[in-house]
Amino acid sequence: MALGGMFRNAAAIYLHLVGPFRGKKSGASLARCLHQTLVMTKQLQARRLDGIDHNPWVEFVKLASEADVVNLGQGFPDFPPPDFAVEAFQHAVSGDFMLNQYTKAFGYPPLTKILASFFGKLLGQDIDPLKNVLVTVGAYGALFTAFQALVDEGDEVIIIEPFFDCYEPMTLMAGGRPVFVSLKPSPNQDGELDSSSSWQLDPTELASKFTSRTKALILNTPNNPLGKVFSRAELELVASLCQQHDVVCITDEVYQWLVYDGCQHVSIATLPGMWERTLTIGSAGKTFSATGWKVGWVLGPDSLLKHLRTMHQNSIFHCPTQAQAAVAQSFEREQLHFGQPSSYFVQLPQAIQRCRDHMIQSLKSVGLRPVIPQGSYFLITDISEFKSKMPNLPGAADEPYDRRFVKWMIKNKGLMAIPVSIFCSVPHQKLFDHYIRFCFMKVKDRPGGGKTSSSLPMPPAGVGRGVGPICVGAG
């Protein structure tokens, strides 16, 4: 009886839905009726997502995937992590079976301990692994946690442009208001290439951006996409304004080991009075050339980190244990070799500087004017000459020129870069639309045969097993 009743109920529901359409050519109408019955009518999108749904990365990566191109746009190494890091990961996977289980929510204890020891010496602080370190899902996760934990509705966040593109949407999602201040190039002598060091903040303009509503300033050194390494004097200016206006500094230092030409990376947290108001963010992906591991961290005073822990425990809660174990072991190795020729942090920038220099020469040979980066994976290059010769490339009338140029280059030259205007606020995009960004962290002899046009000497032992970084010329 129960089964028969169930079928009778199902039949009644069917007749109720289909009855109005019986005897008619009603297939499409029935489908529309059922669709209208099932689709929710409430607005589903949260207001915090308004205006941030379009991501230019998705568009350009899709374009590149549809053609056989040399991808010098995305910022990841195309060579293996160092042998010791790979072996550490293999050991984490195949060794202690308990590494398959949860670890401490705020970080695998051996990792928080070595991060505290390693960076405590660099930052001149007695870092408590339980109070001053938080392990996150990559530096991206660290940034998101910081914005969500500290930025409130109506708070202002100062962003130095060009900026890593997630800073603006993360500010908006937290209810904050981005306030932009631009780095501007200083004039150079005719015939000389620009350096990222010549891109400067105007001290008066920067000071004018601080108000009573300013909650935080986001600093990125070495900078992506420009490759600028902020000098001590520049950091002292930022530090002075942050202290004067009682502002938190969120400093993204994921490329701190990739600095060139003898340039020195300075952490703003080491300046007097700044540890107490600074969150220093790092990335194992950039540190050990393993971006897919997605292990990051935040260092800072407990007065700030306790709020990030609250956010972390109510969102991510926990990061993958095995990757944390591999990163811990890798840092333990580096601490033993730190400052010596055998250190990966010494070897890697030496190898990548050769890549950078080769790409600079390649770009110059085809009429481009690269800006020589002091650090990071990237350089930007001036395409003004192409803009004057080919001003009417296909694209929407209001589309910045650099985006149209990159699309043209993907289609006609088989080469992908990233337009610099995507790293800028909308009002300032036209100021930067004659630059494109290239990544020089790529390899030769990739299995499967990646496109390459020229190679550099093999990097030192340990940078990769049988594979070396390479720059691909623009010709």
Qualifying lysines (Cα of each under 23 Å from Cα of K413; at least 8 residues distant if same chain): K62, K364, K387, K389, K442, K444, K451
Geometric extent, Cα atoms of segment 340-393 - Rg, Dmax (angstrom): 15.1, 53
Three-way shape label, segment 124-198, alpha-carbon gyration tensor, a/c 1.5: oblate
Proximal aspartates and glutamates to K215, defined as alpha-carbon separation beneath 12 angstrom and excluding residues fewer than eight positions away on the same chain: D152, E153, D155, E156, D246
Within straight-line cross-link reach of K121, lysines at Cα separation under 22 Å, skipping those fewer than 8 residues along the same chain: K113, K131, K286
Gyration tensor (alpha-carbon) shape descriptor, segment 218-329, a/c threshold 1.5: oblate
Computed E for S315/V346 - FRET, C-beta separation, R0 56 angstrom, nearest 0.05: 0.90
Of the chymotrypsin sites (Phe, Trp or Tyr not before Pro) in segment 49-133, those whose Cβ has at most 13 other Cβ within 10 Å and which sit in DSSP loop: Y102
Calculated SAXS-style log₁₀ I(q)/I(0) at q = 0.16, 0.18 Å⁻¹ - segment 83-336, Debye, Cα scatterers: -1.19, -1.45
Contact order normalised by residue count of segment 190-325, Cα under 8 Å, 6+ apart, percent: 18
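Read the figures in this text as sums done on the coordinates, not as results from a lab. It should be emphasised that the depicted structure is a prediction, and the values quoted were computed from it without experimental measurement. As a convention, Cβ positions derive from the backbone with ideal geometry for all residues, glycine included, and neighbour counts pool all protein chains shown.
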